[in-house]
Amino acid sequence: MAKHPYFFFLILSLLAFTSCKFNPNLQGIGTESFQGTWEEDSVDFQDQKLQYSKHRFRFSCDSVYVTIQTFAKVNMYPDSCFNNGTWTEYAKGTYLTKKDTLIVTATFTKSNFKQKISGCYRIGQYLPAFVIRKNTADSLYLESIQQHLQLKLSLKEGTICVQKPLN
């Protein structure tokens, strides 16, 4: 082997080159049973709570668009943001399901799902994780791992994943 060091490096280079492949330049497929728009129609005990939120998830291949509409009886924000106790937040990102868990990696955005760097309410990352309690053709029950709140979502519009090129 010492007599032919170039031969050794040539073989090593060939092995390294042939063992690698480029990832496709397409978004991931995601979870087939999640594809579409899911909404919370009501929240358990919402009339007794000082604040609650209703969620809307739109799953498109491996992407997720989240709309969170919050209703509050107590003002915790500057008056210009409180908006009579009703406001909406948006987030966009990707999701992953592993066994019985839904993991969302998203960023808070403006209503057009473009980057939000300042303003009322939350900015930065939106990183919830949920236990999937039930997933049928028309219902999706999630339990927040961080807040232990249940989200009872119903399918409003089903879609099929059509993968798009990554930019």
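The values are calculated or read from the model by the stated rules, or taken from the named source; none is laboratory data. Since the model is a prediction, treat every value here as computed from it, not as a measurement. Note that we place each Cβ from the backbone using ideal geometry, even for glycine, and neighbour counts take in every protein chain shown.
Of the listed requirements (1) surrounded by fewer than 17 Cβ atoms within 10 Å (Cβ to Cβ); (2) in contact (Cβ under 8 Å) with a residue 12 or more places away in the chain; (3) on the phi > 0 side of the Ramachandran plot, residue 30 misses just one: (1).
Which of the following residues is without any contact (Cβ under 8 Å) to a residue 24 or more places away in the chain, in a strand (DSSP E or B), buried (at least 16 other Cβ atoms within 10 Å of the Cβ) and among the hydrophobic types (A, V, I, L, M, F, W, C): 130, 108, 59? Write out each step before concluding.
Working: 130 fails: without any contact (Cβ under 8 Å) to a residue 24 or more places away in the chain; 59 fails: without any contact (Cβ under 8 Å) to a residue 24 or more places away in the chain.
Being without any contact (Cβ under 8 Å) to a residue 24 or more places away in the chain, in a strand (DSSP E or B), buried (at least 16 other Cβ atoms within 10 Å of the Cβ) and among the hydrophobic types (A, V, I, L, M, F, W, C) holds for just one of 130, 108, 59, which is 108.
Being in contact (Cβ under 8 Å) with a residue 24 or more places away in the chain, hydrophobic (A, V, I, L, M, F, W, C) and surrounded by fewer than 17 Cβ atoms within 10 Å (Cβ to Cβ) holds for only one residue in 102, 50, and it is 50. So, in region 126-153, how many residues would count as being under 13 Å from residue 101 (Cα atoms), among the small types (Gly, Ala, Ser) and over 17 Å from the mean Cα position of the chain (by Cα)? Adding up the residues that qualify gives 0. Name every residue in region 63-99 that is buried (at least 18 other Cβ atoms within 10 Å of the Cβ) and of a type in the set (Asp, Glu), in order of residue number. Result: 89, single match.
Every condition in (1) within 21 Å of residue 40 (Cβ to Cβ); (2) in contact with a strand residue (DSSP E or B) (Cβ under 8 Å, 6 or more places away or on another chain); (3) in a loop (DSSP other than H, G, I, E, B) is met by residue 120 except one, and the failing one is (1). Note on region 151-167: residues that are surrounded by fewer than 16 Cβ atoms within 10 Å (Cβ to Cβ) and part of a strand (DSSP E or B) amount to 5. Against the criterion of being more than 18 Å from residue 142 (Cα to Cα) and either of a type outside the set (A, V, I, L, M, F, W, C) or at pLDDT 95 or above (or both), residue 71 qualifies.
Kindly indicate whether residue 43 is assigned to a loop (DSSP other than H, G, I, E, B) and in contact with a strand residue (DSSP E or B) (Cβ under 9 Å, 6 or more places away or on another chain). Spelling it out, residue 43 is indeed assigned to a loop (DSSP other than H, G, I, E, B) and in contact with a strand residue (DSSP E or B) (Cβ under 9 Å, 6 or more places away or on another chain). The number of residues in region 77-98 being part of a loop (DSSP other than H, G, I, E, B) and more than 26 Å from the chain's Cα centre (by Cα) comes to 1.
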